[in-house]
Amino acid sequence: MSSFLESIGQATATAGPSYTNTKEKASMGKEDFLKLLVAQLQNQDPLNPEDSTEFTSQLAQFSSLEQLENLNSGMESLVKSTENSDRFTTLNTIGKEVAYQSNSFTFKGDPVTVGYQIDDNASEVTLALQLNGTTIATLNGQDLEKGNHYLTWNGLTADGEKAPAGEYSIVISAKATEGKNVGVLPLVRSEVTGVDLDGESGSTLITETGEILYKNILGVYEPEKQQSQEEDDNTLDTVADIAQDVNDIIN
C-alpha cells in the first residue's frame, strides 16, 4: 500500500516545481488539504489502492478542518460586528459629559471641571493647575472619602485674573488619615463635542478639554448646565402650582 506521503511526493513530481510564499501562507487550508487527497487518489497504485479506513479517516480530518475554518470565520464576523456596534454606541455620548483619568487638559477660557480619585479616606487633597511648570491656580478638595470627586475651576488665577489659555497639567497631592496610606489620581470631566470612529485603538471622543479613547472613560453624565436648567424648570413649575393653588383658594 502506498503511503500518504509517497502520494504527495508523486503528485509533486508530476506537477513540477512550485514555490510558496511562506510569509503569506504559513498554514494549510481546507483547499490545500482537498488537493492533497485528490492527488493521493490520482497517483495511487491500481494494484494496491489506498486503505479505505485510512482514506475515511483523512476525509474526517478534512471535514473537521472545514468546520474549524467556518467557525473561525464566523467568530471573526462576530467580533467585527461587535466592534462596529461599540463604535456607533459612542455617538450617544455627543452632548454628554464624560469623566476620565488624565493629568492634563486644554484650557480655552471657560470653566473646567477637574477632579481626583482616592482609594481610601484622606485628610487633605490639593490640585495645582500648572501652565509650563508654573502654578496658575490651586484647588482644595472638599470631599475626602474614598471614590471619585470633582471640582470646577472658574478659569481665574490665584490673584483673580483671567488665566491664559493653553495646555495645563494637574499636579495632585493627598495626605492620608493617621496610620494609613492613600493613592490619588487626577480626573477630568468634559463635554463631548464629536467622535472619531477611525481610531486604530477604538473610537476617540473629542471633548472641550482634549481627546480620550472611549474605552478609557470612567462615566457618562448629563451636562451640569442642562441639569441646572431642568432644576430651574422644576422650580418654575412648583411656583406656578403654588400660585394656582392660592388663586383657587381666593376664588
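Since every read-out is calculated from the coordinates, none of them should be taken as a lab result. Being a predicted model, the structure only gives us computed values, none of them experimental. With ideal geometry, Cβ positions are generated from the backbone for all residues, glycine too; neighbour counts draw on all protein chains shown.
Brief remarks follow.
- Subset tally (residues that are farther than 11 Å from A99 by Cβ and touching a residue at least 40 places away in the same chain (Cβ under 8 Å)) for the range 210-221: 2
Here's the yes/no breakdown for (1) in contact with an Asp or Glu (Cβ under 7 Å, 6 or more places away or on another chain); (2) of a type in the set (D, E, K, R); (3) closer than 21 Å to D110 by Cα; (4) touching a residue at least 24 places away in the same chain (Cβ under 8 Å):
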site: H149; (1), (2), (3), (4): yes, no, yes, yes
site: A158; (1), (2), (3), (4): no, no, yes, no
site: P164; (1), (2), (3), (4): no, no, yes, yes
site: I170; (1), (2), (3), (4): no, no, yes, yes
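- First in the range 111-122 and in contact (Cβ under 8 Å) with a residue 12 or more places away in the chain and surrounded by fewer than 22 Cβ atoms within 10 Å (Cβ to Cβ), second anywhere and in a strand (DSSP E or B) and not aliphatic (A, V, I, L, M), Cβ under 6 Å, 6 or more apart: P111/T152; T113/Y150; T113/T152; T113/R189; Q117/N148
- Which numbered condition S203 fails, given (1) within 14 Å of N103 (Cα to Cα); (2) small (G, A, S); (3) in contact (Cβ under 8 Å) with a residue 40 or more places away in the chain: (1)
- Every residue from the range 169-190 that is touching a Ser or Thr at 6+ places or on another chain (Cβ under 9 Å), polar (S, T, N, Q) and either loosely packed, with under 13 Cβ neighbours inside 10 Å or on the phi > 0 side of the Ramachandran plot (or both): S173
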